[in-house]
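Remarks on the structure that follows.
The values are calculated or read from the model by the stated rules, or taken from the named source; none is laboratory data. Since this is a predicted model, take the numbers as computed values, not measurements. In this analysis, Cβ positions are derived from the backbone assuming ideal geometry, glycine residues included, and neighbour counts consider all displayed protein chains.
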Amino acid sequence: MNAGAPIPLVDLRSQYASIKSEIDEAVQRVLNEANFILGPEVEGFERSFADYVGTSGAVGVASGTAALELALRALGIGPGDEVITPAHTFIATAGAVSNVGARPVFADAEPTYLTMDPAHCESLITPRTRAIIPVDLYGHPAHLEELEEIARRHGLFLIEDAAQAHGAELNGRRCGSFGDIACFSFYPGKNLGAYGDAGAVTSNDPALLDRVRRLRDHGRTSKYEHETVGQAERMDALQAAVLSVKLAHLEDWTEARRRHAGEYSKLLDGANVELPAEADDARHVYHLYVIRTDARDGMLEHLHAAGIGAGIHYPIPLHQQPAYARDGYAGTALPVTEEAAPRVLSLPMYAELTDEQIGRIVDAVVAYRA
Ligand SMILES: *Cc1c(COP(=O)(O)O)cnc(C)c1O
């Protein structure tokens, strides 16, 4: 079984090798300029990323978590407010809500894409609700049009967590262009990843973008003038330079991910696992290729023994995490989320994956007998 080199979940080394000269040149340029925080590198990346997403602007920040927190603060959300988020997501989605002093209220997932269930979301709206944060989970757009409509009807803000969905689309519109403001992460393993922490918000509202721009940098309006008390959540020039190089490759990498997903789905058709779905009006960018099986834990162990870096996203729903379970969420029941968490299994996914590797992974999945 252990034939061949280990296959990681994500392979950042092979990606660097493929663009080494461009990256090295960009990094050297920043070192020579010695302008390390914000500045022209960040402004240049913000412009090209906004054009890519299709919004009027983007603001580069220190991480995806910072993007979410700054978006919430810029919308005036804080203590006493409720924000509806999924529980089947990375903890940052809800953590940002808690960090600004508001209360996350967890909506269940819908069974096909495991993104936020719009009907359940709407049933959770109270007079304290201020915003909804859907997540474009695994790289598939959430039900963004329905959620925009619900937000509009109830006078709520919609904050799109597009941290896993660079380049994803719904009805020809790119993820990151829905709602009032969207948040991206450029954590190294994301589809567009920096060489350290970085993130961005995108929006078509210039006043809102300006508020985020001030809040990320000590509420600054000029060097020594501070309109509000802000934070130090700026993007660095090195990350912006790396991201500008990588953005030019993103479409090719996304198409490669989509080919690999197609290959997985073709080869796994008929195997005893549930395959990821892509809606007719969506472009899935396969940040993760997630299958579902009742035999998840045994299959994971079997894949690891075969040198295959499969993973679980996410094993513990947020309302059951110690961080939230003791905090008044004991009564929260989210049946679809709770059913999915023990069944999801992420197979290796990155642009440089080869057909030979996909073949080995599929053979290992199919060979497993619970
Ligand atoms: C990665 C991620 C974040 C957080 O981004 P960081 O850059 O790690 O702070 C937020 N939401 C989702 C859905 C993510 O996957």
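I'd like the residue in the range 323-370 that is closer than 29 Å to M116 by Cα, in a loop (DSSP other than H, G, I, E, B) and aromatic (F, W, Y) and, out of all such residues, is modelled with the lowest pLDDT.
Y329
When the residues of the range 139-159 are narrowed to those that are within 15 Å of the ligand (Cβ to nearest atom) and in contact with a Phe, Trp or Tyr (Cβ under 7 Å, 6 or more places away or on another chain), which ends up nearest to A198 (Cα to Cα)?
Filtering first and then ranking leaves G139.
From the list T354, T337, T332, exactly one residue is β-branched (V, I, T) and surrounded by fewer than 16 Cβ atoms within 10 Å (Cβ to Cβ). Which is it? Show your work before the answer.
On the way: T337 fails: surrounded by fewer than 16 Cβ atoms within 10 Å (Cβ to Cβ); T332 fails: surrounded by fewer than 16 Cβ atoms within 10 Å (Cβ to Cβ).
Checking each option against the conditions leaves just T354.
Sort out which residues of the range 106-147 are among the basic types (K, R) and within 19 Å of the chain's Cα centre (by Cα), and write them in order of number.
Filtering the range 106-147 down to residues among the basic types (K, R) leaves 128, 130.
None - no residue of the range 106-147 is among the basic types (K, R) and within 19 Å of the chain's Cα centre (by Cα), so the list stays empty.
Look through the range 40-68, keep the residues that are assigned to a strand (DSSP E or B) and within 16 Å of the ligand (Cβ to nearest atom), and return whichever of them is surrounded by the fewest Cβ atoms within 10 Å (Cβ to Cβ).
Of the range 40-68, the ones assigned to a strand (DSSP E or B) are 57-61.
This time we only want the ones that are within 16 Å of the ligand (Cβ to nearest atom), so: 58-61.
Numbers: A58: 25, V59: 31, G60: 31, V61: 32.
Looking at the filtered set, the residue picked out is A58.
I'm checking my understanding of the structure. Among residues of the range 94-113 that are farther than 19 Å from A333 by Cα and buried (at least 24 other Cβ atoms within 10 Å of the Cβ), which one is nearest to the ligand (Cβ to nearest atom)?
Looking at the filtered set, the residue picked out is A96.
For the range 17-43, which residues satisfy the criterion of being more than 28 Å from the chain's Cα centre (by Cα) and within 30 Å of L215 (Cβ to Cβ)?
Within the range 17-43, R29, L31, E33, A34, N35 qualify.
Within the range 274-282, can one find any residue that is more than 22 Å from Q357 (Cα to Cα) and outside any loop (DSSP other than H, G, I, E, B)?
Yes, the conditions are met somewhere in the range 274-282.
Specify the residue that is surrounded by the fewest Cβ atoms within 10 Å (Cβ to Cβ); the eligible residues are those in the range 160-181 that are under 16 Å from V83 (Cβ atoms) and away from the ligand (no atom under 11 Å from the Cβ).
Looking at the filtered set, the residue picked out is D180.
Taking the range 262-319 as the search range and keeping residues that are within 25 Å of D108 (Cα to Cα) and among the acidic types (D, E), which one is nearest to the ligand (Cβ to nearest atom)?
Only one residue tops the list, namely E278.
Among the residues of the range 69-122, count how many are of a type in the set (G, A, S), part of a helix (DSSP H, G or I) and more than 30 Å from D217 (Cα to Cα). Before the answer, list the steps.
Kept after step one, since they are of a type in the set (G, A, S), are these residues of the range 69-122: 71, 74, 76, 78, 80, 87, 92, 94-96, 98, 101-102, 107, 109, 119.
Of the ones still in play, those that are also part of a helix (DSSP H, G or I) are 71, 74, 92, 94-96, 98, 119.
Imposing the further condition that a residue be more than 30 Å from D217 (Cα to Cα) reduces the set to 119.
Of the residues in that region, 1 qualify.
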